[in-house]
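Taking it in order: structure first as structure tokens, then the write-up.
The values are calculated or read from the model by the stated rules, or taken from the named source; none is laboratory data. Here the structure is a predicted model, which means the values were calculated and not measured. Using ideal geometry, Cβ is built from the backbone for each residue, glycine included, and neighbour counts are taken over all protein chains shown. Surface areas here come from the heavy atoms of the whole protein model, side chains and all, with no ligands, DNA or RNA. Shrake-Rupley method; radii C 1.70, N 1.55, O 1.52, S 1.80 Å.
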Amino acid sequence: MKKLTTGYIILETGEIFSGKLIGKVKRSAGEIVFNTSMTGHQHILTNPSYTGQIIVFSYPVIGGYRIRSKENKTKKIYAQGVVIKEICNVPSYDPLAISMESVLEKDNIPCLTEVDTRALIKTIRKRGTVKAVISDDMNDKPETNTSFKPVNKVSTKTVIQYTNDVNAPHIVIVDFGVEQEIVQYFINANCRVTLVPYDYSFENILQLKPDGIVLSNGPGDPMDLIDEIEKIYKLSTLFPTLGISLGHQLVALAYGAKTEALPFGHRGGNYPVKDLRTGKVYITTQNHGYTVIDQTIDRNEFNISYQNVNDGSIEGIEHKQKPIQTVQFYPDTVFPSQMETGHIFHSFLETVNKNTGVMSYAVK
């Protein structure tokens, strides 16, 4: 067994936690956040919404759950680093699985293990989401003044057409850091799917002649994307629109609402969300550090569709006249066992089919 180097996670607020470093990289800085999921760590690591973040896993043993490349959210790991209590390098039941350590080493992602993650997460809950650094130098300091815009790193740089059936509903996905499962859902639903960069112009999107617009999830502060707000407003007046996570926040901003940072974010697979129209509660997957401020939403234009059971924060809005709907959480997509909130996609596609040739006729 190879000898591990002593390492540290150092918070900008001064707290230092020690552990053992795994991987080739000895230093990595970012925003420190924690995730409460017991499984699905592969999906978390490959989710673009974690760009620029160091993830602390609250579950004590990580790695026993299988890791298989075909189940990645994307082709790479976006997290800046990982902090865990204990790593397991023998996946428990899948001979085709690979170990967590080998995955992190392959992508040059530093991992600090043997850390008192309970104490660390209690500190994050007290301090809020702050900058931190994983380092082998106890005297290292995290960078606190950064102008990093994470969407630039994760959005596609080119237009990608996944399918080309001219008779199918055309869904244009504006990529702020989209999960591949969202793209795959619309492909499986026999849609014509086009992925465009987050800063693709309004005029260029019109040239694509969409039937519906999806504003994807993504990392960072929605106010960093204020230059995209006018475009989002115009698109939502012409086409059925679905906003997911960051996309939800951007739609709210486009209609005059405001956002604010949560104390330490919602990141995990067990957040209860209530559908205010039916009273049903769904257990959802989330990853965001910002929320739409309830009191700033124009109730003359929007109904609140979903609300977080734990803290009352806004989880979804629905326009009263226009076919616009948004959700803060991730709707379930590909896996049949996780389709509890798949009705959100179904509802959106029904709206697209109903409005094709009605809303967008002027630009076709």
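Annotations for the structure displayed:
- For the stretch 245-324, the Kirkwood hydrodynamic radius comes to 12.9 Å, computed from all pairs of different C-alpha atoms.
- For the stretch 208-254, the Cα-based Rg and Dmax, in that order, read 10.1, 30 Å.
- Cα shape, the stretch 206-339, gyration tensor, a/c 1.5 rule: rounded
- Where only C-alpha atoms are counted, convex hull volume of the stretch 152-213 per residue in Å³: 71
- Rounded, prolate or oblate (a/c below 1.5 giving rounded, otherwise prolate when a/b exceeds b/c) for the stretch 162-269 by Cα gyration tensor: oblate
- Here's the list of lysines a cross-link from LYS122 could span, going by alpha-carbon distance under 23 Å and ignoring same-chain residues fewer than 8 apart: LYS20, LYS85, LYS131, LYS141.
- Shape of the stretch 272-314, Cα gyration tensor, a/c cut at 1.5: oblate
- Take the chain with all the other protein chains still there, run a 1.4 Å probe, and you get 44 Å² of accessible area per residue.
- Zone residues, the stretch 226-270, relative to ASP311, backbone N less than 13 Å from point 7 Å out along Cα-to-Cβ: 260-268
- About the Cα centre, charge dipole magnitude for the chain (Lys/Arg +1, Asp/Glu -1 at Cβ), debye: 460
- Mean sequence separation of contacting Cα pairs (under 8 Å, at least six apart), scaled by the length of the chain, corresponds to a relative contact order of 14 percent.
- Neighbourhood net charge (11 Å Cβ-Cβ; Lys/Arg +1, Asp/Glu -1) for VAL292: -2
- Fully extended contour minus Cα-Cα distance, from HIS343 to ASP137, at 0.36 nm per residue: 69.2 nm
- The chain - percent of accessible surface contributed by carbon and sulfur, probe 1.4 Å: 49
- Spatial separation of Cα centroids for the stretch 250-293 and the stretch 177-247, in angstrom: 19
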